[in-house]
Amino acid sequence: MFDSVKKELSRRALLYKAGFGFMGLSVVGAVGNIIKPAPTLAQAAPAPSNEPSLPPEKKLGWAIVGLGEFATKQIMPSFAECKKSKLVALVSGDRAKAEKYAQQYSVNPKNIYNYQNYDSIRNNPEVDIIYIILPNALHAEYSIRGVQAGKHIMCEKPMAITVAECQAMIEAAKKANRKLMIAYRAQYEPYNLATIQLAQSGKLGKLKLITSDHGRNLNPKEPQDRWRAQKKLAGGGSLYDIGIYSLQAARYITGEEPVAISAMIYSTPNDPRFREVEENVNFVLRFPSGVLANCSSSYGYSNTKRIQVFGSDAVLELDPATDYYKHRLILKSKNGNQEQKIEDKNQFALEIDHLSESIIQNKQPKTPGEEGLQDVKLMQLIYEAARTGKTIKV
Ligand code: NAD
């Protein structure tokens, strides 16, 4: 077995041992013809729901950088469900917008920063962690300035545009002795954790194939899709934005790193959305255990967020797999099709609290900068495989 694979598997085993609780799954309905009793499947949950909240003064203080669609609609409301984290500061180029949200979330207006005076956040002891939710091309700069201001960093996916930027972020965090985590929410979400558990525990038999598809129609009329159509700000097209979920799924479900990659890219000619970034990416990964992954991403097909895991005894289908709030897991075997229901939890609150907890306990977060770097490296190889038409050995 490759060293990196061994290391990753033992890292995950340690994480599970290190107090990530276990939770059962229950069958709520048979999609096929047979209902079986609820299996007692172990599932890693990063923050057990019965854990009490820290008192407000003990919660770590978070600053949000970039008050766009995702920050304001998903992340900021999720602090209400956090047990170890509180929102204390905002960084925005739009003072009026920041003031509006400061009022809504009881953030002291003295804790509003802009992109020019951002570095002075170093003088604010209320801020422990900075969460970067800017267009991809700005992740590296604001993460590095953040650690240099003495703060820990959560950075949105993809970690950055280039491998060199990712390495610079990791170096800067090490030098400043600060933690750097990449916001891979699916790795904190109960249905995805159950999928990992089912796949790696042998419940599906021997794993053979994973398919994962993530797509939607890019709509540059929306401000959040305008920069996504620009290579300079987005770094890439559908692969960088949502294909990264397909890649992540293949890696976290196998617990392995791919050893061979092939790929094909196609963008509809003359579609103005794809002048700078790609529309469709299909890629195949081969893992050391022999598992193959067929993955796709698209900015042209209708909303899809799906994962399938094919084992010798059963097939698991997670669809939607990486939605914000809705997930559906079906196991298909000779006993019929069974839907498995798991207690839903706010994955954003779980990942935010995971970083606070990692800082409080001085532990490496589960998805550190190195995890983001690995995806950027692999996505670059996917582009290379598509460009050259060759299978690339990793
Ligand atoms: P958005 O455009 O809605 O938000 C980006 C914010 O950055 C805006 O408030 C914008 O004003 C600000 N900004 C600052 N400088 C800018 C510049 N030079 N150009 C453009 N905008 C600038 O985008 P979003 O959809 O919220 O995405 C932000 C980040 O979050 C991206 O990295 C994206 O990949 C990530 N994201 C992650 C998820 C997830 O599920 N984890 C979901 C959506 C977005």
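The values are calculated or read from the model by the stated rules, or taken from the named source; none is laboratory data. All values reported here derive from a predicted model rather than from experimental measurement. Cβ sites come from the backbone with ideal geometry, for glycine too, and all protein chains shown count toward neighbours. Note: accessible area is taken over every heavy atom of the protein model, side chains too, but ligands, DNA and RNA are not part of it. Shrake-Rupley method; radii C 1.70, N 1.55, O 1.52, S 1.80 Å.
Annotations for the structure displayed:
- Of the solvent-accessible surface of the stretch 280-324, computed with a 1.4 Å probe and all protein chains present, 44% belongs to carbon and sulfur.
- Unsatisfied cross-links (Cα-Cα over 23 Å) in the set K73/K100; K97/K221; K58/K341: K58/K341
- Per residue accessible area in Å² of the chain, where ligands, DNA and RNA are left out and the probe is 1.4 Å: 43 Å²
- Cross-link partners of K206 among lysines (Cα-Cα below 19 Å; sequence separation of 8 or more within a chain): K6, K332, K334
- Debye, to nearest 20: dipole size of the chain, +1 on Lys, Arg Cβ, -1 on Asp, Glu Cβ: 400 debye
- Residues in the stretch 132-158 that a label on N117 would reach, taking backbone N under 18 Å of a point 7 Å out along Cα→Cβ: 146, 149
- Above-threshold pairs, the threshold being 30 Å between Cα atoms, out of K175/K326; K151/K393; K203/K366: K175/K326; K151/K393
- By the helix-only formula, in which each DSSP H run with n ≥ 4 contributes -39500 (n - 2.57) and the sum is divided by residues, the chain has a 222 nm mean residue ellipticity of -9000 deg cm²/dmol.
- Separation of alpha-carbon centers, the stretch 140-161 and the stretch 103-124, rounded to whole Å: 16 Å
- In order along the stretch 80-87, the Karplus-derived 3J(HN,Hα) couplings, from 6.51 cos²θ - 1.76 cosθ + 1.60 at θ = phi - 60°, round to 4, 9, 7, 9, 10, 9, 9, 8 Hz, and Gly and Pro are given as x.
- Between T268 and K206, the contour length at 0.36 nm per residue exceeds the Cα-Cα span by 18.5 nm.
- In this calculation the C-beta distance from Q380 to E57 is compared with R0 = 51 Å, giving a FRET efficiency of 0.70.
- Centroid-to-centroid separation of the stretch 251-320 and the stretch 331-394 [C-alpha atoms, Å]: 13 Å
- Sequentially through the stretch 110-115, phi angles give Karplus couplings (6.51, -1.76, 1.60; θ = phi - 60°) of 5, 9, 9, 10, 10, 6 Hz, Gly and Pro residues having no value and appearing as x.
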